[in-house]
1. Taking the stretch A:2-52 only, how many residues are among the β-branched types (Val, Ile, Thr) and in a loop (DSSP other than H, G, I, E, B)?
2. Pick out the one residue from A:11, A:6 that is more than 14 Å from chain B (Cβ to nearest Cβ), touching a Lys or Arg at 6+ places or on another chain (Cβ under 6 Å), over 30 Å from residue B:338 (Cα atoms) and not aromatic (Phe, Trp, Tyr).
3. Just give me the residues in the stretch B:291-318 being modelled with pLDDT of 95 or more and either among the charged types (D, E, K, R) or exposed (fewer than 14 other Cβ atoms within 10 Å of the Cβ) (or both), in sequence order.
4. Which members of the stretch B:282-331 meet the condition of being of a type in the set (Lys, Arg) and either free of Cβ contacts under 8 Å to residues at least 12 places away in the same chain or within 14 Å of chain A (Cβ to nearest Cβ) (or both)?
5. Just one of the numbered conditions (1) surrounded by 18 or more Cβ atoms within 10 Å (Cβ to Cβ); (2) in a strand (DSSP E or B) is not true of residue A:230; which one?
6. Residues that are of a type outside the set (Ser, Thr, Tyr) and closer than 30 Å to residue A:179 by Cα: find the helices (runs of 4 or more DSSP H) completely inside the stretch A:311-410 holding 2 or more of those.
7. Residues of the stretch B:127-146 being under 17 Å from the mean Cα position of the chain (by Cα) and under 19 Å from residue B:399 (Cβ atoms), which ones?
Amino acid sequence: MPYKLVCGLEVHAELKTKSKMFCSCKNDPFGAPKPNLYTCPVCLGMPGALPVANRKAIEWTIKLGLALHCQINLFSKFDRKNYFYADLPKGYQISQYDIPFCHDGYLDTSEGRVGIHRIHLEEDTAKLSHQEIDFDGDGELDKVTLIDFNRSSVPLVEIVTEPDIISATQAKEYGQKLRQIMRYLDIANCDMEKGGMRLEANISLRREGKNELPDYKVECKNINSFKFLEAAINFEVDRQTTILQNGEQPIQETRGYNSTTGKTFSQRSKEDAADYRYFPDPDLPPIEFTTEEIETIRSEIPELPAEKTTRFMSEYNLNEKSAKNLAINMEQALFFEKILKEAKKENLDPQKLINNLLNGKIKFSFDEKISVIIAKFKAISSNENIDEKELQLAIDKVLNAEKDAVAKYKAGKTVVTGFLIGCVMKELGKKADVIQVKQQLIATLS
Amino acid sequence: MKLNELTLKESIDALDKKEITLEEIYKDLDQACQAKNEKLNIYLSINSKALIEAKKASKKPLRGLPIAVKDNFCTKGIVTTASSKVLDGFIPQYESTVTERLKASGGVIYGKTNMDAWAHGSSTETSDYGRTLNPRNSDHLPGGSSGGSAAAIAADFAVAAIGSETAGSIRQPAAWCGAVGFKPTYGRVSRFGVIAMASSTDSPGPIAKTVEDACILLNAFAGPDEKDGTSNKEKAPDFTSFLDQSIKGMKIGVIYQDVKEIKETNQKLLKELEILKELGATVELVQAMDPHQAIGVYTVVQRAEVSSNLARYDGIRYGGDRSNFGDEAKRRIMLGTFTLTKGYADRYYNLAQKVRTLYLNDYKELFKKYDVLVSPTSPSFAKEVGASFSSPMFGELEDMLLEASSITGLPGINVPFYRDEKTNLYLGANFIAPMWREDLVIKVADAFEKNTKWNSWRNK
């Protein structure tokens, strides 16, 4: 292909602080038993109501920035982003314009480093739902838009990457890793189906061998799963390639993704791009941090998935795949490490132990005692302690005795393997590892 | 003498000595309002349960006394419109911090006072509910935007009043009505529940009959508020503790002597300031940064904030749709939107913020040498009815002498310094001090008031 992908991601995630970003209302838009329950004059944008910034949300944003190796602005502020929409009761969104809390970080993926351009904090909007109900009571359905302010002013972080992403799979991996980090930090649930984490991709193509950025970009919105993200990027690559090969340039526009058709579609072109008339929100004083305060936040960051994986590999001699698997989430990693520690103490093979746990050979639950799990492993391990020579003797004996079965096997009827394994087990006279027996049996037969 | 003519301090003392009762005060007050409110148009609404509430509050610091409150303070259960038909019939389900604290201290909201719609103006002539007239001379305007509250004092329609100032809206109407207007330092009083005009300078404060009354009232509602991120974190002092203090040795700088438009007013003021010298202060003329530049700075910053603050009145919620916005609001929305637009922000909004810093630095230098600065509050006497329609910049010109100190957040007090025998109209002096130094302006303004003949309640 003569063209290469140039892609940057904008990810929005709702922080799970107890209260909302600028008022003391409960922050639980998905758990609310009914609409407009967690509201007050502030998040309804009533006359005279004033926002007061949630310190926790700010600290968490900085924590995320530090986890992504960002620089932190010790002096920062909130700005008003002015635009009209029915889900925005004040007529502006409190966001951050030119001084975000975090900037210039990175997240490593298997396909290379993705630069983090900036991370800022803002408030979420209310939620619109378009319905048909009999609004005026005339017995006929009316098309209405209902507004639920439970989500209004929920803290929302926006993580913007540099245009470093070179493939759809890398975009997906970046998104998954970012979500994993936020969950490790315990700052966001990132429930994508409900909209707790939302993805936007800026996609364009450049000719192979060129380094400058293309002079257009297509913004893809409304993507609510990593699978769709991958699909949307792939679709756009094909679409834009065709346009470019025809000697034309794709239009700079915003496109939506339709998960049913698997296609993106045009929503709005550049001409209607809004001017948000940003200016510092005079209701909120600037925010200042000292280096010491930032270091305190840094010290609260737990070991993150990447470091955990590396440490599991070096400390317990695990292979990368297993180590990554264990580190998928914090609870699981903590649980498995307890087992690994115990195994190490008792000189058991950690890789074998983890294999058995992950492939389901050892059945266990997360609330089970570590000693019980270790005991199960030991029981299985004793099975495996069958001497290869002893096993070979038994196999040879069986193959000699069951000439008919051997002939059938050689004729292609592999179903007899099970019968032969049974015979070998009987010959051995004790419990043996079926897989080991099978492997050696088949090796002998061929 | 009617009991509604007493000052707040006199009322408290007379009640405590049981010389008078709340019933008697409210009776005289009700009569005065019934006789004249229709003509003067000071109150948009009067609280019919005022006396009942007063009796319940009689033991508290403000003794259940009647206070006039500007209609941009949200009052739970009482219609609050900021004198705009856009908010016609709006009944807040929450209370502003100021009125909440006022009630907790035993103040009773006697009524909500008229104002320029959205506080856009200096005349109280641009209210959607009709203009307010100046009780000192009803051919003239009361000033604004807190014109209703200032007029309530001049007409003895309340013992004290609450207003709000963005740049002049407390002090200028107080000057025009011959009352005391006290704009505390920005952040000294919570803005929560005050319908925003320009958030970066909005400052609620008292309008009263004497400096002492203003201090008693300010004590009731000043201080930190968790609901306002811009309110000061430090506890407010007892403002009455700065009354009756010697001003001996204090350094007072007289500014704006070179402003041509106010030559006559300046001459009158200089004569009156002699008394401060007699009281042991030094009074010197001093050059301050040209106030004309502040008009531009204030206009740009304030319009920008207004255009954003009024965006919530989008015609979907509240009583009236956007066609109810008056000409002044529309002008401000358009100008503010323009100055924030990409490409223009640097030329206007950002430049204005830079000049704001120059004023800050100028005051910093001046306050190295002087404790308090003084100038006339307003260029001249109250203008005649209809004057505000002469120019879209009417308010900015009338508030010209207050804008520099407002955009820098300084505290200031207006006290009357002259009365014209023929028209019965007043001139006011504006004393300002560094941020958080209300003590300095109180000391000087109180001494000035008590040693001159211009306060109409002290000199009956």
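The values are calculated or read from the model by the stated rules, or taken from the named source; none is laboratory data. Only a predicted model underlies this, so the values are computations on that prediction, with no experimental measurement involved. A quick note on method: Cβ atoms are made from the backbone with ideal geometry, for glycine too, and the neighbour counts reach across all protein chains shown.
1. 4
2. That would be A:6, the only listed residue that is more than 14 Å from chain B (Cβ to nearest Cβ), touching a Lys or Arg at 6+ places or on another chain (Cβ under 6 Å), over 30 Å from residue B:338 (Cα atoms) and not aromatic (Phe, Trp, Tyr).
3. Within the stretch B:291-318, B:303, B:305, B:312 qualify.
4. B:303, B:312, B:317, B:322, B:330
5. All conditions are met except number (2).
6. Values: elements: A:320-326, A:330-345, A:350-358, A:370-384, A:388-401, A:403-410.
Per the criteria, A:320-326, A:330-345, A:350-358.
7. Answer for the stretch B:127-146, where residues must be under 17 Å from the mean Cα position of the chain (by Cα) and under 19 Å from residue B:399 (Cβ atoms): B:127, B:132, B:134, B:141, B:142, B:143, B:144, B:145, B:146.
Per-residue answers, yes or no, for (1) over 17 Å from the mean Cα position of the chain (by Cα); (2) β-branched (Val, Ile, Thr); (3) more than 25 Å from residue B:76 (Cα to Cα):
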residue: B:196; (1), (2), (3): no, no, no
residue: B:199; (1), (2), (3): no, no, no
residue: B:207; (1), (2), (3): no, yes, no
residue: B:212; (1), (2), (3): no, no, yes
residue: B:219; (1), (2), (3): no, no, no
residue: B:222; (1), (2), (3): no, no, no
residue: B:228; (1), (2), (3): yes, no, no
residue: B:234; (1), (2), (3): yes, no, yes
residue: B:240; (1), (2), (3): yes, yes, yes
